[in-house]
Amino acid sequence: MTGAGGATDSAVRTRGLTKRFRSGQVGVDGIDLLVPRGAVYGFLGPNGSGKTTTIRMLLGLVAPTAGTVELLGASVPADARSVLPRVGALVEGPAFHPYLDGRANLERLDAADATADPRSRDRRVGAALERVGLAAAAAKRYRQYSLGMKQRLGLAATLLRPRDLLLLDEPTNGLDPQGTREVRALVREVAAAGTTVLVSSHLLSEIEQVCSHVGIMSRGSLLVQGAREEIADAGTTEVRVAVRPDQRDHLARVVGDLGLGEPRVDGDVLVAPLGGVAVEKVAQAVVGDGIDLLGLEVRRPTLEDVFVRLTGEGFDVAR
Amino acid sequence: MSLVEAPAAAPARRGAATARLLRSELRLVFGRLRNLVLLAGLAAVPLLIGTVLLVTQDTPVAGQGPPFLDRVTGNGLFLVLAALVSCLPFLLPLCVAIVAGDAVAGEAATGTLRYLLVVPVSRTRLLLVKAVAVLAFAGAAVAAIAVTGLIAGAAFFGVGDVTLLSGDTVPLADGLLRALGVVAYVALSLTGLVAVGLFFSTLTEVPVAAMASTVVVAIVSGVLDALPQLSAVHPWLLTHHWLDLGEFLRLQVDVSVLLAGLAVQAAWVAIFGTLAWSRFTTADVSS
């Protein structure tokens, strides 16, 4: 690391970042984003929650109404010219010239990069295409690309040179399950090489598993952020106990005596918040009281549960 | 893994980088099929005029039609002038407006603008490169007419000593030089329109809107120029001096007339160039 200044432990840091549109609508409302260096930060939220506007502000495309942005310790937009070459970005889907082929489109972006070495262009463009599996389609016009190929070309553009930070806005949009897996693998790969990655998605489950950190947006606000484990642990771990229906009332009494939370019935099983009670205690109590235990499962909270708890609404329905 | 790049590139390197972007931009403009069709269409105009004149040259129509038309059959060099004068009111502004209006709005519409800006390219540098590329296209448009005009004129009617407006005759070499002057003057006369087109192009994400607005400016300017009641503002109109190219056919070319026309273009470039710059460097890119 170049170590300019002391604030280099964060790859992205915003303070009070706000965007009020001319219509008066507040797109992003005073968020303090903090992405530690080396993290894979899942920037999650439903469509329209302000993720893309935030990413546009991070890149200097949209001027904030209030607040500041720091990327890799440099202030944006003031120092954008020196810091952005170290940042690869995919913003609101890929966009290329439809009548140029994949290679020519990447060459166009490379030609725009004042800090790129033109002598190594062919090698770098070829390597980027190779890495996203587009080498065979390099001479095909972008117009003829499938949605998945377009997304891959967008990713290739972020890989034209080594980056310290990748900002990937909905990189799995339009990809089939196989493509989604490949994007996850790519994110893991670049992160393993030391690149910090911020990846946004409106599909929690697609991204959740690769993230070390998570920030959840809803209606322009950052509801929560931090290490993924911590955030998930903030939710409620539940125990799901399956018994015969005629023993269910008996079970509910036992569970109540153990000090678990208010139980509810979900299909064949009784579900209760585990609270601080150890799960083996539950099993012993149930069996010890003569109930025939058919099944017992501990369900850890998912980010979606956390989101639902924070907003009181489902992840997919907000806005 | 950190890239230690010198952030402040040396001036020479920055110049080389701008040249690289400009080459890429020129390839984009001149590699695009639509733009090549426009150039081919313009180049066809002198061929069309020449063919018509060749077929009908026994029909006496002296003194009618656009300026220089009646002199083409006598000297093919005049086909260059007749074709340029025919294209000036509409076809040339249209073609220039299409490319200028597309310059920024087209990239915004495809979304490529945001990716150029995060490369990053400074917005001022990008606008300048775009302007130079559109100017190059305007120059190529004029040259396309002139070159095919000269070739067709020479092939159909032959070229020889040039009779000026005064009736004096100058050698062919002198005439060619004067024709070259006309080409340069016409190309420079389009710079104001290029600036207007670029400005409109920064206002919208719909290229057609920018193109149409630019054409409208050229046409309205021509309409206003035809209203005698507005003679006070005529000298400042975008198109008013366009046909001053006839000055090149006087025995003594009055440079001040030409400079007056170019000064008006410079004023339009200054005003609309500044507007385009201030808009483009401050606008949110949300496309």
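Points worth noting:
- Remark: pairs (first residue in the stretch B:132-149, part of a helix (DSSP H, G or I); second residue among the hydroxyl-bearing types (Ser, Thr, Tyr); Cβ separation under 7 Å; 6+ apart in sequence or on different chains) = B:Leu135/B:Thr191.
- Residue count, the stretch B:53-86 (criterion: assigned to a loop (DSSP other than H, G, I, E, B) and either at pLDDT 80 or above or within 18 Å of B:Ile145 (Cα to Cα) (or both)): 9
- The residues of the stretch A:95-108 that are crowded, with 24+ Cβ neighbours inside 10 Å and either facing another protein chain (nearest Cβ under 7 Å) or in a loop (DSSP other than H, G, I, E, B) (or both), listed by number, are A:Ala95, A:Phe96.
- Against the conditions (1) closer than 15 Å to A:Ile216 by Cα; (2) within 14 Å of chain B (Cβ to nearest Cβ); (3) of a type outside the set (Asp, Glu), A:Asn47 satisfies every one except (2).
This table checks each residue for (1) at pLDDT 95 or above; (2) surrounded by 24 or more Cβ atoms within 10 Å (Cβ to Cβ); (3) out of contact with any Phe, Trp or Tyr (no Cβ under 6 Å at 6 or more places or on another chain); (4) not in a strand (DSSP E or B).
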{"residue": "A:Ser49", "(1), (2), (3), (4)": "no, yes, yes, yes"}
{"residue": "A:Thr54", "(1), (2), (3), (4)": "yes, yes, yes, yes"}
{"residue": "A:Gly67", "(1), (2), (3), (4)": "yes, no, yes, no"}
{"residue": "A:Glu70", "(1), (2), (3), (4)": "yes, no, yes, no"}
{"residue": "A:Arg81", "(1), (2), (3), (4)": "no, no, yes, yes"}
{"residue": "A:Leu84", "(1), (2), (3), (4)": "yes, yes, yes, yes"}
{"residue": "A:Gly93", "(1), (2), (3), (4)": "no, no, yes, yes"}
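- Answer from A:Ala252, A:Ala227 - the residue that is surrounded by fewer than 15 Cβ atoms within 10 Å (Cβ to Cβ) and of a type in the set (Gly, Ala, Ser): A:Ala227
- Answer residue from the stretch B:105-158, given it is away from chain A (no Cβ under 14 Å) and of a type in the set (Val, Ile, Thr) and is farthest from B:Leu21 (Cα to Cα) among those: B:Ile151
- Breaking point among (1) modelled with pLDDT of 80 or more; (2) part of a helix (DSSP H, G or I), for A:Glu304: (1)
- Tabulated pairs, the stretch A:154-173, first facing another protein chain (nearest Cβ under 9 Å), second of a type in the set (S, T, N, Q), C-beta under 6 angstrom, 6+ apart or interchain: A:Arg163/A:Thr195; A:Asp164/B:Ser2
One line per residue, one yes/no per condition, for (1) modelled with pLDDT under 90; (2) crowded, with 18+ Cβ neighbours inside 10 Å; (3) part of a loop (DSSP other than H, G, I, E, B); (4) within 14 Å of chain B (Cβ to nearest Cβ):
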site	(1), (2), (3), (4)
A:Ala114	no, yes, yes, yes
A:Ser120	no, no, no, yes
A:Ala127	no, no, no, no
A:Gly179	yes, yes, no, no
A:Glu189	no, no, no, yes
A:Leu198	no, yes, no, yes
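- A:Gly133 vs. criteria away from chain B (no Cβ under 11 Å) and closer than 30 Å to B:Arg34 by Cα: no
- Residue match in the stretch A:135-157 (condition: in contact with a strand residue (DSSP E or B) (Cβ under 7 Å, 6 or more places away or on another chain), in a helix (DSSP H, G or I), under 18 Å from A:Val87 (Cα atoms) and assigned by TED's automatic domain parsing to the domain that holds A:Gly215): yes
The values are calculated or read from the model by the stated rules, or taken from the named source; none is laboratory data. If you're wondering where the values come from, they're calculated on a predicted model, not measured in any experiment. Glycine gets a Cβ as well: all are built from the backbone with ideal geometry, and neighbour counts include every protein chain shown.
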